[in-house]
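Here is the structure we will look at, set down as structure tokens.
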């Protein structure tokens with residue numbers, strides 16, 4: 001059997017109870033054996049008096065397998081976390097909190113929302129490498145509405161009534177490789193240069209549509225292709241396909257997105273799944289592996305339906 005389940009039946013057999021889930025998490029968190037988070041000592045033992053808790057042989061600190069992870073302090077069973085991670089990672093379009101609430105029979109929508117929010121945080125590996133080689137970079141807009149916004153979006157690159165998004169696609173031969181997405185405030189040189197610096201490796205070649213703000217981006221070679229009368233999707237085919245998939249996903253799963261402090265996490269979810277589109281079931285292993293090693297964060301749920309986040 002592989003180290004990640006490839007079907008619902010295999011998942012159910014692999015993780016039938018809390019003990020099986022805790023064992024998997026322990027191996028993901030300490031692949032070379034237990035190591036105390038306080039003193040880094042590599043000797044310890046699992047306690048029989050506390051569920052899924054290890055005690056350091058040197059300093060005596062007791063550490064739960066979920067302590068300090070995205071699951072820290074959660075009252076949900078580990079089996080619920082595992083089911084949620086599996087469904088969000090392997091479903092072709094992911095699952096909204098409302099869907100998980102119904103599928104897993106959770107007590108409230110708020111519990112499902114917080115569960116999804118914490119799993120989205122585990123969809124960005126802290127040590128992920130920037131895009132390399134030839135990279136297409138472009139921007140797009142996603143229309144949105146709220147009480148304070150104009151009834152119609154602005155024209156061109158104006159972001160009135162729109163969510164402005166920057167995207168980058170690493171080119172692998174004649175196919176797209178890894179991607180990045182980020183919500184941006186405007187299309188200025190300062191903003192776009194910062195996006196490139198954060199997501200593209202030094203020495204890469206950045207291919208754009210010739211928008212002047214891209215000129216002079218530090219550390220990369222700029223290859224502008226002025227669109228002119230040519231269709232934009234012919235100049236930057238992969239970023240346009242990326243944006244088209246993003247818009248369909250946002251509308252189909254979340255019935256549209258609006259601006260808010262959690263907006264970037266939804267883009268991160270899309271990127272996580274897109275970058276693992278050829279190994280969807282391995283994405284489950286990646287999601288839990290990252291979630292077991294990054295620190296816990298506190299989330300505050302916004303009022304209103306998930307589509308307004």
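The values are calculated or read from the model by the stated rules, or taken from the named source; none is laboratory data. Please read all numbers here as calculations on a predicted model, not as lab measurements. All Cβ positions, even for glycine, are placed from backbone atoms using ideal geometry, and neighbour counts span all protein chains on display.
General remarks:
- Being assigned to a helix (DSSP H, G or I), in contact with a strand residue (DSSP E or B) (Cβ under 9 Å, 6 or more places away or on another chain), at pLDDT 85 or above and surrounded by fewer than 19 Cβ atoms within 10 Å (Cβ to Cβ) is not true of residue 270.
- Test result for residue 224, surrounded by 14 or more Cβ atoms within 10 Å (Cβ to Cβ) and modelled with pLDDT under 95: yes
- Checking each residue in segment 185-201 for being touching a helix residue (DSSP H, G or I) at 6+ places or on another chain (Cβ under 9 Å) and either crowded, with 18+ Cβ neighbours inside 10 Å or part of a helix (DSSP H, G or I) (or both) picks out 187, 189, 190, 191, 192, 193, 196.
- Only one of 149, 127 that is surrounded by 13 or more Cβ atoms within 10 Å (Cβ to Cβ), outside any helix (DSSP H, G or I) and at pLDDT below 95: 149
- Qualifying residues in segment 20-43 (those that are without any contact (Cβ under 8 Å) to a residue 40 or more places away in the chain and more than 18 Å from residue 62 (Cα to Cα)) - the one nearest to the chain's Cα centre (by Cα): 31
- Condition met for residue 216 (at pLDDT 90 or above and surrounded by fewer than 17 Cβ atoms within 10 Å (Cβ to Cβ)): yes
- Of all residues in segment 245-267 being under 30 Å from residue 21 (Cβ atoms) and in contact with a strand residue (DSSP E or B) (Cβ under 8 Å, 6 or more places away or on another chain), the one that is surrounded by the fewest Cβ atoms within 10 Å (Cβ to Cβ): 264
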